[in-house]
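A short write-up of the structure that comes next.
The values are calculated or read from the model by the stated rules, or taken from the named source; none is laboratory data. All values derive from a computational prediction rather than experimental measurement. Here Cβ is always computed from backbone atoms with ideal geometry, including for glycine, and neighbour counts include all displayed protein chains.
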Amino acid sequence: MLDRTTPPPIHDAVEFEYKLPPVNTVQLGNGMPLYWLNAGVQDVVEVDWIFPAGLWYEDKPAVAQAVAALLKNGTAQKTAHEIHEAFEFYGANLKVQAGNDFTAVTLYALNKHLPRLLPLVYELLTEASFPEEELQLYQQNSIQRLLVSLRQCEFVANQKIDALLFGEFHPYGRFSKKEKIEALTRQDLIQFYTRHLDLSKARIFIAGKVQETDVQLLDQIFGKATTAPSAATETMFSAPAPSEKKHRIINDENGVQGAIRIGRLFPNRHHEDFAPMVVLNTLFGGYFGSRLMSNIREEKGFTYGIYSSVAPYVHGGALTIHTEVGRDVIEPAVAEIYHEMKKLCEETAPEEELLLVKNYLLGNLLGDLDGPFQIIHRWRTLILNGLGEEHFNRNIRIYKSITANDLQALARKYFDPADFYEVVVV
(Lines give C-alpha, C1' and ligand atoms only; values in the text may rest on other atoms or scores of the structure.)
Protein backbone atom coordinates (compact mmCIF):
# COMPACT_ATOMS: atom_id res chain seq x y z
CA MET A 1 0.00 0.00 0.00
CA LEU A 2 1.21 3.50 -0.82
CA ASP A 3 2.49 5.33 2.27
CA ARG A 4 1.16 8.87 1.85
CA THR A 5 2.96 10.08 4.95
CA THR A 6 6.30 9.79 3.17
CA PRO A 7 6.90 12.32 0.39
CA PRO A 8 8.50 11.05 -2.84
CA PRO A 9 12.19 11.82 -3.31
CA ILE A 10 13.00 15.09 -5.07
CA HIS A 11 15.57 14.95 -7.87
CA ASP A 12 17.37 17.80 -9.57
CA ALA A 13 16.92 18.02 -13.32
CA VAL A 14 20.70 17.62 -13.73
CA GLU A 15 20.37 14.05 -12.44
CA PHE A 16 18.17 12.88 -15.31
CA GLU A 17 19.36 11.31 -18.55
CA TYR A 18 18.28 13.12 -21.70
CA LYS A 19 17.80 11.34 -24.99
CA LEU A 20 16.37 12.85 -28.14
CA PRO A 21 13.90 10.33 -29.60
CA PRO A 22 14.99 9.28 -33.09
CA VAL A 23 13.35 10.67 -36.19
CA ASN A 24 12.67 8.60 -39.31
CA THR A 25 14.29 9.89 -42.49
CA VAL A 26 13.10 8.90 -45.94
CA GLN A 27 13.25 10.27 -49.44
CA LEU A 28 10.15 10.70 -51.52
CA GLY A 29 10.04 9.36 -55.04
CA ASN A 30 11.62 12.53 -56.41
CA GLY A 31 14.37 12.66 -53.77
CA MET A 32 12.68 15.22 -51.50
CA PRO A 33 13.69 14.59 -47.85
CA LEU A 34 10.93 13.73 -45.38
CA TYR A 35 11.48 13.53 -41.62
CA TRP A 36 8.68 11.87 -39.67
CA LEU A 37 7.98 11.01 -36.06
CA ASN A 38 5.20 8.81 -34.69
CA ALA A 39 4.89 9.79 -31.04
CA GLY A 40 1.32 10.95 -30.60
CA VAL A 41 -1.75 9.60 -28.85
CA GLN A 42 -4.27 11.99 -30.42
CA ASP A 43 -5.34 11.71 -34.05
CA VAL A 44 -3.66 14.96 -35.04
CA VAL A 45 -0.50 15.82 -36.95
CA GLU A 46 1.73 18.77 -37.70
CA VAL A 47 3.24 18.94 -41.18
CA ASP A 48 5.95 21.49 -42.02
CA TRP A 49 7.31 22.43 -45.42
CA ILE A 50 10.50 24.42 -44.86
CA PHE A 51 12.07 26.48 -47.65
CA PRO A 52 15.33 28.49 -47.73
CA ALA A 53 13.23 31.55 -48.49
CA GLY A 54 13.67 33.97 -45.63
CA LEU A 55 14.80 37.58 -45.64
CA TRP A 56 18.33 36.41 -46.43
CA TYR A 57 17.21 35.49 -49.96
CA GLU A 58 15.26 38.62 -50.81
CA ASP A 59 15.99 40.29 -54.13
CA LYS A 60 13.77 43.17 -53.06
CA PRO A 61 13.05 44.33 -49.48
CA ALA A 62 9.76 43.21 -47.89
CA VAL A 63 8.99 40.60 -50.53
CA ALA A 64 9.50 37.46 -48.38
CA GLN A 65 6.91 38.49 -45.80
CA ALA A 66 4.50 39.60 -48.51
CA VAL A 67 4.74 36.20 -50.21
CA ALA A 68 4.16 34.46 -46.87
CA ALA A 69 1.15 36.65 -46.10
CA LEU A 70 -0.49 36.15 -49.51
CA LEU A 71 0.37 32.52 -50.24
CA LYS A 72 -3.12 31.40 -49.16
CA ASN A 73 -4.95 34.19 -50.96
CA GLY A 74 -5.53 32.69 -54.35
CA THR A 75 -4.40 30.05 -56.84
CA ALA A 76 -5.04 29.44 -60.49
CA GLN A 77 -8.17 27.49 -59.48
CA LYS A 78 -9.40 28.94 -56.17
CA THR A 79 -10.10 32.31 -54.61
CA ALA A 80 -8.84 33.36 -51.21
CA HIS A 81 -12.31 32.80 -49.77
CA GLU A 82 -12.51 29.25 -51.13
CA ILE A 83 -9.06 28.38 -49.76
CA HIS A 84 -9.72 29.70 -46.27
CA GLU A 85 -13.16 28.09 -46.21
CA ALA A 86 -11.67 24.70 -47.13
CA PHE A 87 -9.23 24.71 -44.21
CA GLU A 88 -11.93 25.90 -41.81
CA PHE A 89 -14.36 23.21 -43.00
CA TYR A 90 -11.92 20.50 -41.94
CA GLY A 91 -10.95 22.22 -38.69
CA ALA A 92 -7.40 22.64 -39.92
CA ASN A 93 -4.97 25.51 -39.53
CA LEU A 94 -2.37 26.52 -42.10
CA LYS A 95 0.29 29.07 -41.08
CA VAL A 96 2.92 30.62 -43.32
CA GLN A 97 5.80 32.48 -41.67
CA ALA A 98 8.87 34.10 -43.21
CA GLY A 99 11.86 34.43 -40.90
CA ASN A 100 15.40 35.63 -41.38
CA ASP A 101 16.54 32.40 -43.03
CA PHE A 102 13.54 30.20 -43.78
CA THR A 103 9.89 30.32 -44.77
CA ALA A 104 7.79 27.70 -42.99
CA VAL A 105 4.42 26.45 -44.19
CA THR A 106 2.79 24.58 -41.27
CA LEU A 107 -0.40 22.52 -41.31
CA TYR A 108 -2.20 21.32 -38.18
CA ALA A 109 -4.95 18.82 -38.94
CA LEU A 110 -6.65 15.58 -38.01
CA ASN A 111 -5.05 12.58 -39.68
CA LYS A 112 -8.29 11.56 -41.38
CA HIS A 113 -8.45 14.85 -43.28
CA LEU A 114 -4.94 14.69 -44.77
CA PRO A 115 -6.16 13.10 -48.07
CA ARG A 116 -8.25 16.25 -48.69
CA LEU A 117 -5.90 18.86 -47.23
CA LEU A 118 -2.51 17.81 -48.63
CA PRO A 119 -3.61 18.29 -52.28
CA LEU A 120 -4.74 21.81 -51.34
CA VAL A 121 -1.35 22.59 -49.79
CA TYR A 122 0.32 21.20 -52.92
CA GLU A 123 -1.84 23.53 -55.01
CA LEU A 124 -0.76 26.52 -52.89
CA LEU A 125 2.90 25.60 -53.26
CA THR A 126 2.73 25.12 -57.01
CA GLU A 127 -0.06 27.41 -58.29
CA ALA A 128 -0.31 30.43 -55.99
CA SER A 129 -1.41 33.41 -58.07
CA PHE A 130 -1.02 36.46 -55.77
CA PRO A 131 -4.00 38.43 -57.14
CA GLU A 132 -3.41 42.14 -57.63
CA GLU A 133 -6.36 43.14 -55.44
CA GLU A 134 -5.03 40.96 -52.59
CA LEU A 135 -1.61 42.60 -52.87
CA GLN A 136 -3.12 46.09 -52.75
CA LEU A 137 -5.13 45.21 -49.65
CA TYR A 138 -2.03 43.72 -48.03
CA GLN A 139 -0.03 46.88 -48.76
CA GLN A 140 -2.72 49.12 -47.29
CA ASN A 141 -3.02 47.06 -44.11
CA SER A 142 0.75 46.61 -43.70
CA ILE A 143 1.44 50.33 -44.07
CA GLN A 144 -1.31 51.17 -41.59
CA ARG A 145 0.10 48.69 -39.04
CA LEU A 146 3.60 50.05 -39.62
CA LEU A 147 2.53 53.67 -39.03
CA VAL A 148 0.89 52.65 -35.77
CA SER A 149 3.92 50.60 -34.68
CA LEU A 150 6.33 53.44 -35.42
CA ARG A 151 4.71 55.40 -32.60
CA GLN A 152 5.84 52.74 -30.14
CA CYS A 153 9.30 53.18 -28.66
CA GLU A 154 9.95 49.43 -28.35
CA PHE A 155 9.22 48.85 -32.05
CA VAL A 156 11.62 51.59 -33.14
CA ALA A 157 14.28 50.35 -30.70
CA ASN A 158 14.08 46.82 -32.12
CA GLN A 159 14.53 48.16 -35.64
CA LYS A 160 17.47 50.34 -34.67
CA ILE A 161 19.45 47.74 -32.73
CA ASP A 162 19.25 45.21 -35.56
CA ALA A 163 20.32 47.86 -38.09
CA LEU A 164 23.30 48.80 -35.91
CA LEU A 165 24.42 45.23 -35.28
CA PHE A 166 24.11 43.89 -38.82
CA GLY A 167 23.79 46.98 -41.02
CA GLU A 168 20.63 48.49 -42.45
CA PHE A 169 21.26 46.84 -45.84
CA HIS A 170 22.02 43.43 -44.33
CA PRO A 171 19.10 40.94 -44.44
CA TYR A 172 19.16 40.62 -40.64
CA GLY A 173 19.32 44.38 -40.18
CA ARG A 174 16.78 45.60 -42.73
CA PHE A 175 13.48 46.86 -41.37
CA SER A 176 10.08 47.74 -42.76
CA LYS A 177 9.61 51.07 -44.47
CA LYS A 178 6.51 52.51 -46.07
CA GLU A 179 8.18 53.07 -49.42
CA LYS A 180 9.50 49.48 -49.51
CA ILE A 181 6.02 48.06 -49.05
CA GLU A 182 4.53 50.46 -51.60
CA ALA A 183 7.18 49.48 -54.17
CA LEU A 184 6.20 45.79 -54.19
CA THR A 185 4.60 44.51 -57.38
CA ARG A 186 2.76 41.31 -58.15
CA GLN A 187 5.65 40.31 -60.40
CA ASP A 188 8.09 40.68 -57.47
CA LEU A 189 6.04 38.22 -55.45
CA ILE A 190 5.70 35.72 -58.28
CA GLN A 191 9.42 35.86 -58.98
CA PHE A 192 10.38 35.26 -55.33
CA TYR A 193 7.77 32.50 -54.98
CA THR A 194 8.91 30.73 -58.14
CA ARG A 195 12.59 30.98 -57.32
CA HIS A 196 12.60 30.27 -53.58
CA LEU A 197 9.39 28.45 -52.62
CA ASP A 198 10.33 25.78 -55.10
CA LEU A 199 9.43 22.28 -53.87
CA SER A 200 12.80 21.05 -55.10
CA LYS A 201 14.31 23.04 -52.22
CA ALA A 202 11.80 22.01 -49.55
CA ARG A 203 12.26 19.73 -46.56
CA ILE A 204 9.13 18.15 -45.07
CA PHE A 205 8.64 17.34 -41.38
CA ILE A 206 5.61 15.50 -39.98
CA ALA A 207 4.91 14.52 -36.38
CA GLY A 208 2.00 13.29 -34.30
CA LYS A 209 0.10 10.06 -34.65
CA VAL A 210 1.81 9.38 -37.95
CA GLN A 211 1.18 6.11 -39.78
CA GLU A 212 2.95 4.58 -42.77
CA THR A 213 -0.14 5.45 -44.81
CA ASP A 214 0.45 9.16 -44.05
CA VAL A 215 4.03 8.88 -45.29
CA GLN A 216 2.81 7.12 -48.43
CA LEU A 217 0.22 9.83 -48.99
CA LEU A 218 2.87 12.54 -48.78
CA ASP A 219 4.93 10.59 -51.30
CA GLN A 220 1.98 10.25 -53.68
CA ILE A 221 1.26 13.98 -53.63
CA PHE A 222 4.63 15.68 -53.11
CA GLY A 223 6.83 12.96 -54.53
CA LYS A 224 5.54 13.82 -57.98
CA ALA A 225 6.88 17.39 -57.89
CA THR A 226 9.68 18.16 -60.29
CA THR A 227 12.97 18.49 -58.43
CA ALA A 228 15.68 19.96 -60.60
CA PRO A 229 17.01 22.88 -58.57
CA SER A 230 19.21 25.40 -60.24
CA ALA A 231 22.65 26.02 -58.84
CA ALA A 232 22.31 28.14 -55.72
CA THR A 233 24.29 31.34 -55.46
CA GLU A 234 25.18 32.21 -51.88
CA THR A 235 25.37 35.91 -51.15
CA MET A 236 27.50 36.87 -48.17
CA PHE A 237 27.22 40.06 -46.16
CA SER A 238 29.60 41.62 -43.69
CA ALA A 239 28.42 43.52 -40.64
CA PRO A 240 29.62 47.11 -40.43
CA ALA A 241 31.25 48.62 -37.40
CA PRO A 242 29.76 52.10 -36.85
CA SER A 243 31.98 54.30 -34.73
CA GLU A 244 29.09 55.64 -32.67
CA LYS A 245 27.76 52.95 -30.35
CA LYS A 246 25.42 54.92 -28.10
CA HIS A 247 22.20 56.23 -29.61
CA ARG A 248 19.46 58.24 -27.92
CA ILE A 249 16.31 58.79 -29.99
CA ILE A 250 13.31 60.94 -29.18
CA ASN A 251 10.36 59.29 -30.92
CA ASP A 252 7.72 61.05 -28.81
CA GLU A 253 8.47 64.34 -27.09
CA ASN A 254 5.78 63.61 -24.52
CA GLY A 255 6.70 59.96 -24.01
CA VAL A 256 6.92 58.76 -20.42
CA GLN A 257 8.63 55.45 -21.19
CA GLY A 258 11.89 54.54 -22.85
CA ALA A 259 12.85 51.34 -24.65
CA ILE A 260 16.40 50.14 -23.98
CA ARG A 261 18.22 47.75 -26.31
CA ILE A 262 21.86 46.83 -25.68
CA GLY A 263 23.40 44.28 -28.01
CA ARG A 264 26.44 42.80 -29.68
CA LEU A 265 27.10 40.26 -32.41
CA PHE A 266 27.51 36.67 -31.25
CA PRO A 267 28.32 33.41 -33.08
CA ASN A 268 25.62 30.93 -34.07
CA ARG A 269 25.00 27.34 -32.93
CA HIS A 270 28.10 25.98 -34.65
CA HIS A 271 30.49 27.92 -32.39
CA GLU A 272 31.96 26.22 -29.33
CA ASP A 273 30.88 29.13 -27.11
CA PHE A 274 27.21 28.99 -28.05
CA ALA A 275 26.04 26.32 -25.59
CA PRO A 276 28.04 27.80 -22.68
CA MET A 277 26.55 31.20 -23.51
CA VAL A 278 23.05 29.73 -23.22
CA VAL A 279 23.88 28.97 -19.58
CA LEU A 280 25.54 32.34 -18.94
CA ASN A 281 22.73 34.24 -20.65
CA THR A 282 20.13 32.41 -18.56
CA LEU A 283 21.95 33.41 -15.39
CA PHE A 284 22.37 36.99 -16.63
CA GLY A 285 18.93 37.75 -18.04
CA GLY A 286 17.37 34.67 -19.61
CA TYR A 287 14.64 33.81 -17.10
CA PHE A 288 12.51 35.35 -14.39
CA GLY A 289 15.03 34.63 -11.64
CA SER A 290 17.97 36.15 -13.54
CA ARG A 291 20.46 38.75 -12.27
CA LEU A 292 18.93 41.50 -14.41
CA MET A 293 15.41 40.72 -13.23
CA SER A 294 16.43 40.51 -9.56
CA ASN A 295 18.27 43.83 -9.69
CA ILE A 296 16.38 46.07 -12.10
CA ARG A 297 12.84 44.81 -11.49
CA GLU A 298 12.81 43.42 -7.95
CA GLU A 299 15.34 45.69 -6.19
CA LYS A 300 15.18 48.93 -8.17
CA GLY A 301 11.59 48.74 -9.44
CA PHE A 302 12.60 50.30 -12.77
CA THR A 303 10.64 47.88 -14.99
CA TYR A 304 8.05 45.14 -15.13
CA GLY A 305 10.44 42.92 -17.03
CA ILE A 306 13.97 42.80 -18.43
CA TYR A 307 15.51 39.98 -20.43
CA SER A 308 18.58 39.10 -22.42
CA SER A 309 18.47 36.68 -25.32
CA VAL A 310 20.78 34.92 -27.74
CA ALA A 311 19.40 34.89 -31.29
CA PRO A 312 21.18 32.36 -33.53
CA TYR A 313 20.68 32.50 -37.29
CA VAL A 314 22.21 30.46 -40.09
CA HIS A 315 24.71 33.19 -40.96
CA GLY A 316 25.38 34.74 -37.55
CA GLY A 317 23.64 35.89 -34.42
CA ALA A 318 23.32 38.45 -31.67
CA LEU A 319 23.14 38.81 -27.90
CA THR A 320 20.64 41.48 -26.86
CA ILE A 321 19.30 42.95 -23.61
CA HIS A 322 15.81 44.44 -23.89
CA THR A 323 13.54 46.29 -21.50
CA GLU A 324 11.22 49.27 -21.18
CA VAL A 325 11.55 51.64 -18.21
CA GLY A 326 10.24 55.00 -17.04
CA ARG A 327 11.80 57.96 -18.83
CA ASP A 328 13.28 59.30 -15.60
CA VAL A 329 15.21 56.08 -14.82
CA ILE A 330 16.62 55.26 -18.26
CA GLU A 331 20.25 56.08 -17.51
CA PRO A 332 20.27 54.39 -14.06
CA ALA A 333 18.80 51.26 -15.68
CA VAL A 334 21.49 51.26 -18.39
CA ALA A 335 24.17 51.66 -15.72
CA GLU A 336 22.79 48.70 -13.75
CA ILE A 337 22.86 46.47 -16.83
CA TYR A 338 26.58 47.11 -17.24
CA HIS A 339 27.03 46.71 -13.50
CA GLU A 340 25.63 43.17 -13.71
CA MET A 341 27.94 42.40 -16.64
CA LYS A 342 30.90 43.61 -14.60
CA LYS A 343 29.94 41.45 -11.62
CA LEU A 344 29.86 38.35 -13.80
CA CYS A 345 33.34 39.20 -15.06
CA GLU A 346 34.78 39.85 -11.61
CA GLU A 347 33.01 37.32 -9.40
CA THR A 348 32.20 33.63 -9.81
CA ALA A 349 28.55 32.72 -9.44
CA PRO A 350 27.58 30.86 -6.24
CA GLU A 351 27.15 27.13 -6.77
CA GLU A 352 23.56 27.26 -5.52
CA GLU A 353 22.65 29.88 -8.12
CA LEU A 354 24.38 27.95 -10.89
CA LEU A 355 22.56 24.75 -9.92
CA LEU A 356 19.24 26.64 -10.09
CA VAL A 357 20.07 27.84 -13.60
CA LYS A 358 21.07 24.34 -14.72
CA ASN A 359 17.86 22.86 -13.33
CA TYR A 360 15.84 25.57 -15.05
CA LEU A 361 17.48 24.93 -18.43
CA LEU A 362 17.28 21.16 -18.21
CA GLY A 363 13.78 21.26 -16.76
CA ASN A 364 12.63 23.26 -19.76
CA LEU A 365 14.33 20.72 -21.98
CA LEU A 366 12.24 17.97 -20.39
CA GLY A 367 9.17 19.90 -21.54
CA ASP A 368 10.64 20.22 -25.03
CA LEU A 369 10.92 16.44 -25.21
CA ASP A 370 7.34 15.86 -24.06
CA GLY A 371 5.14 15.49 -27.10
CA PRO A 372 5.66 14.85 -30.80
CA PHE A 373 5.42 18.48 -31.94
CA GLN A 374 8.09 19.65 -29.49
CA ILE A 375 10.38 16.77 -30.47
CA ILE A 376 10.06 17.42 -34.21
CA HIS A 377 10.74 21.13 -33.59
CA ARG A 378 13.97 20.15 -31.85
CA TRP A 379 14.95 17.93 -34.77
CA ARG A 380 13.94 20.60 -37.26
CA THR A 381 16.26 23.14 -35.66
CA LEU A 382 19.16 20.68 -35.76
CA ILE A 383 18.57 19.58 -39.35
CA LEU A 384 18.05 23.06 -40.77
CA ASN A 385 21.32 24.16 -39.17
CA GLY A 386 23.26 21.17 -40.48
CA LEU A 387 23.56 19.57 -37.03
CA GLY A 388 22.75 16.15 -35.61
CA GLU A 389 22.01 14.23 -32.44
CA GLU A 390 25.60 14.54 -31.19
CA HIS A 391 25.18 18.32 -31.05
CA PHE A 392 22.15 17.83 -28.81
CA ASN A 393 24.09 15.42 -26.58
CA ARG A 394 27.06 17.79 -26.39
CA ASN A 395 24.81 20.62 -25.25
CA ILE A 396 23.39 18.43 -22.47
CA ARG A 397 26.91 17.60 -21.29
CA ILE A 398 27.81 21.29 -21.22
CA TYR A 399 24.65 22.29 -19.36
CA LYS A 400 25.37 19.67 -16.70
CA SER A 401 29.12 20.11 -16.28
CA ILE A 402 29.84 23.81 -16.85
CA THR A 403 31.44 25.49 -13.83
CA ALA A 404 31.27 28.95 -12.32
CA ASN A 405 34.86 29.52 -13.44
CA ASP A 406 33.89 28.61 -17.01
CA LEU A 407 31.10 31.18 -16.92
CA GLN A 408 33.37 33.87 -15.52
CA ALA A 409 35.88 33.27 -18.33
CA LEU A 410 33.07 33.45 -20.88
CA ALA A 411 31.77 36.69 -19.37
CA ARG A 412 35.22 38.25 -19.59
CA LYS A 413 35.35 37.27 -23.25
CA TYR A 414 31.94 38.59 -24.31
CA PHE A 415 30.79 41.13 -21.70
CA ASP A 416 33.17 43.94 -22.55
CA PRO A 417 30.99 47.11 -22.63
CA ALA A 418 33.06 48.42 -25.54
CA ASP A 419 31.63 45.67 -27.76
CA PHE A 420 27.99 46.59 -27.16
CA TYR A 421 25.71 48.97 -29.05
CA GLU A 422 23.16 50.95 -27.06
CA VAL A 423 19.82 52.21 -28.27
CA VAL A 424 17.38 54.17 -26.14
CA VAL A 425 14.12 55.31 -27.70
CA VAL A 426 11.64 57.52 -25.86
query = Is it the case that TYR138 is within 22 Å of the chain's Cα centre (by Cα), assigned to a helix (DSSP H, G or I), modelled with pLDDT of 95 or more and over 30 Å from ILE330 (Cβ atoms)?
reply = no
note = The correct count of residues that are closer than 19 Å to LEU137 by Cβ and without any contact (Cβ under 8 Å) to a residue 24 or more places away in the chain in region 169-184 is 1
Matching residues, region 215-229, being modelled with pLDDT of 95 or more and under 28 Å from the mean Cα position of the chain (by Cα) = VAL215, LEU218, PHE222
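Yes/no per residue for (1) modelled with pLDDT under 95; (2) of a type outside the set (Val, Ile, Thr):
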| site | (1), (2) |
| --- | --- |
| ASP3 | yes, yes |
| THR25 | no, no |
| LEU34 | no, yes |
| VAL41 | yes, no |
| GLU46 | no, yes |
| GLY54 | no, yes |
| ASP59 | yes, yes |
| VAL63 | no, no |
| ALA66 | no, yes |
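Here is a yes/no grid of residues against (1) more than 22 Å from the chain's Cα centre (by Cα); (2) outside the structural domain of ARG380 (by TED's automatic domain parsing); (3) over 28 Å from ARG248 (Cβ atoms):
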residue: VAL314; (1), (2), (3): no, no, yes
residue: HIS322; (1), (2), (3): no, no, no
residue: PRO332; (1), (2), (3): yes, no, no
residue: TYR338; (1), (2), (3): yes, no, no
residue: CYS345; (1), (2), (3): yes, no, no
residue: ALA349; (1), (2), (3): yes, no, yes
residue: LEU365; (1), (2), (3): no, no, yes
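Okay, residues lined up against (1) outside the structural domain of ALA202 (by TED's automatic domain parsing); (2) within 20 Å of the chain's Cα centre (by Cα); (3) within 23 Å of VAL23 (Cα to Cα); (4) surrounded by 13 or more Cβ atoms within 10 Å (Cβ to Cβ):
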{"position": "GLY371", "(1), (2), (3), (4)": "yes, yes, yes, yes"}
{"position": "ILE396", "(1), (2), (3), (4)": "yes, no, yes, yes"}
{"position": "SER401", "(1), (2), (3), (4)": "yes, no, no, no"}
{"position": "ALA411", "(1), (2), (3), (4)": "yes, no, no, yes"}
{"position": "PHE415", "(1), (2), (3), (4)": "yes, no, no, yes"}
ask   = Do you know which of the residues in region 230-260 that are assigned to a loop (DSSP other than H, G, I, E, B) and among the small types (Gly, Ala, Ser) is modelled with the highest pLDDT?
value = GLY255
ask   = Restricting attention to region 316-339, does a residue exist that is in a loop (DSSP other than H, G, I, E, B), modelled with pLDDT of 95 or more, among the polar types (S, T, N, Q) and farther than 30 Å from GLY386 by Cβ?
value = no
Residue pairs meeting the criteria (Cβ under 7 Å; at least 6 apart or on separate chains; first within 18 Å of ASP214 (Cα to Cα), in region 106-131; second buried (at least 19 other Cβ atoms within 10 Å of the Cβ) and of a type in the set (Gly, Ala, Ser)) = LEU107/ALA92; TYR108/ALA92; ALA109/ALA92; HIS113/ALA92; LEU117/ALA92; LEU117/ALA109
request  = Would you be able to tell me the number of residues in region 39-97 that are under 17 Å from the mean Cα position of the chain (by Cα), closer than 14 Å to VAL121 by Cα and assigned to a helix (DSSP H, G or I)?
outcome  = 1
message = Looking only at region 64-106, count every residue that is at positive phi and either surrounded by fewer than 19 Cβ atoms within 10 Å (Cβ to Cβ) or not assigned by TED's automatic domain parsing to the domain that holds ARG186 (or both) and tell me the total.
response = 1
inquiry  = Pairs please, first residue from region 262-279 and in the same structural domain as ARG394 (by TED's automatic domain parsing), second anywhere and among the acidic types (Asp, Glu), Cβ atoms under 6 Å, 6+ apart in sequence or on different chains.
reply    = ILE262/GLU422; ARG264/ASP419
task = Among residues belonging to region 283-305 that are buried (at least 16 other Cβ atoms within 10 Å of the Cβ) and either over 23 Å from LEU355 (Cβ atoms) or outside the structural domain of GLY263 (by TED's automatic domain parsing) (or both), point out the one that is farthest from the chain's Cα centre (by Cα).
result = PHE302
request  = Would you check which residues across region 98-131 are aliphatic (A, V, I, L, M), more than 27 Å from PRO171 (Cα to Cα) and part of a helix (DSSP H, G or I) and list them?
outcome  = LEU114, LEU117, LEU118, LEU120, VAL121
query = How many residues, within region 25-42, are surrounded by 13 or more Cβ atoms within 10 Å (Cβ to Cβ) and not hydroxyl-bearing (Ser, Thr, Tyr)?
reply = 11
